[in-house]
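To start, the structure itself, in structure tokens.
The values are calculated or read from the model by the stated rules, or taken from the named source; none is laboratory data. Since the structure is predicted, the reported quantities are computational estimates derived from the model, not experimental observations. Neighbour counts are summed over all protein chains in view; Cβ atoms, including those assigned to glycine, are modelled from backbone coordinates with ideal geometry.
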């Protein structure tokens with residue numbers, strides 16, 4: 001990836017160019033040199049606000065720079081105009097994030113602890129296994145009956161009470 | 001603007017310890033507005049000079065119009081100021 005040295009830490013040029021183009025009239029261009037200068041100014045802006053927010057955070061006896069520290073820093077340093085627009089975006093993002101976490105928590109709060117879910121799963125597996133075994137046994141039984149029938153075929157025909165069972169077994173196997 | 005990059009820039013200050021996840025988001029938006037304002041103010045000078053390309057001297061003039069931008073004095077090249 002690109003430079004990760006603290007001294008060379010910067011912002012993506014393409015993004016900054018895009019922002020510049022957004023505000024300028026179509027026929028006005030911005031040279032790369034000028035764009036780079038704007039970029040440097042922006043990095044310096046981050047340093048400034050960050051440092052101020054950090055001070056405010058410290059005075060607040062907190063260790064983590066929170067949104068309110070950033071907002072206060074903007075105000076203190078003369079960027080109060082940005083605050084309303086910045087908080088609008090932040091509130092919108094918070095709403096989106098809380099909607100996402102709510103929908104994922106829907107599944108977590110069905111009321112069953114994991115242990116119970118595992119037990120239920122094991123029960124289901126056991127049921128499935130026994131159902132499979134029963135059908136396997138039923139198949140074996142069917143084969144035996146068929147063999148018997150074949151053997152009986154060599155003998156005089158008799159009413160075979162097993163014939164209805166034979167068709168029933170067929171249905172079961174399907 | 002990429003939040004991870006903003007966070008790294010913030011952390012390049014050794015006195016900065018922990019940053020809430022929301023902070024880089026606020027910074028990203030604030031930076032956007034900063035770039036837009038700086039560009040717009042610079043363009044005023046470009047337009048007055050009847051040019052169609054934003055130059056570094058325009059940025060310097062744009063900065064000089066706003067008191068809040070005084071912190072940029074050290075970043076700007078001083079020898080490029082054109083009347």
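Annotations
- Complete set of residues in the stretch B:38-68 that are closer than 14 Å to residue A:37 by Cα and more than 7 Å from chain A (Cβ to nearest Cβ): B:42, B:57, B:58, B:60, B:61, B:62, B:63
- For the stretch B:56-71, a residue qualifies if it is in a helix (DSSP H, G or I) and in contact (Cβ under 8 Å) with a residue 12 or more places away in the chain, and the qualifying residues are B:56, B:57, B:58, B:59, B:60, B:61, B:62, B:63, B:69.
- Cβ-Cβ distances below 7 Å connect the following pairs, each with a first residue in the stretch A:9-32 that is assigned by the TED database to the domain that holds residue A:44, a second residue that is modelled with pLDDT under 90 and not in a helix (DSSP H, G or I), and a separation of six or more residues or different chains: A:11/B:1; A:15/B:1.
- Residues in the stretch A:13-48 that are more than 7 Å from chain B (Cβ to nearest Cβ) and closer than 12 Å to residue B:38 by Cβ: A:35, A:39.
- Residue in the stretch A:28-35 that is surrounded by 17 or more Cβ atoms within 10 Å (Cβ to Cβ) and in a helix (DSSP H, G or I) present: yes
- Screening residue B:28 on (1) under 18 Å from residue A:71 (Cα atoms); (2) at the interface with another protein chain (Cβ under 8 Å from one of its Cβ atoms); (3) touching a residue at least 12 places away in the same chain (Cβ under 8 Å) shows it passes everything except condition (2).
- Scanning the stretch A:72-87 for residues that are more than 7 Å from chain B (Cβ to nearest Cβ) and touching a helix residue (DSSP H, G or I) at 6+ places or on another chain (Cβ under 9 Å) yields a total of 8.
- Among the residues of the stretch B:6-24, those that are facing chain A (nearest Cβ under 7 Å), surrounded by fewer than 20 Cβ atoms within 10 Å (Cβ to Cβ) and part of a helix (DSSP H, G or I) comprise B:8, B:22.
- Condition met for residue B:74 (within 7 Å of chain A (Cβ to nearest Cβ), out of contact with any strand residue (DSSP E or B) (no Cβ under 8 Å at 6 or more places or on another chain) and assigned to a loop (DSSP other than H, G, I, E, B)): no
- Within the stretch B:44-55, being surrounded by fewer than 20 Cβ atoms within 10 Å (Cβ to Cβ) and in a helix (DSSP H, G or I) holds for B:44, B:47, B:48.
- When the residues of the stretch A:57-71 are filtered to those that are surrounded by fewer than 20 Cβ atoms within 10 Å (Cβ to Cβ) and part of a helix (DSSP H, G or I), the one that is farthest from the other protein chains (Cβ to nearest Cβ) is A:59.
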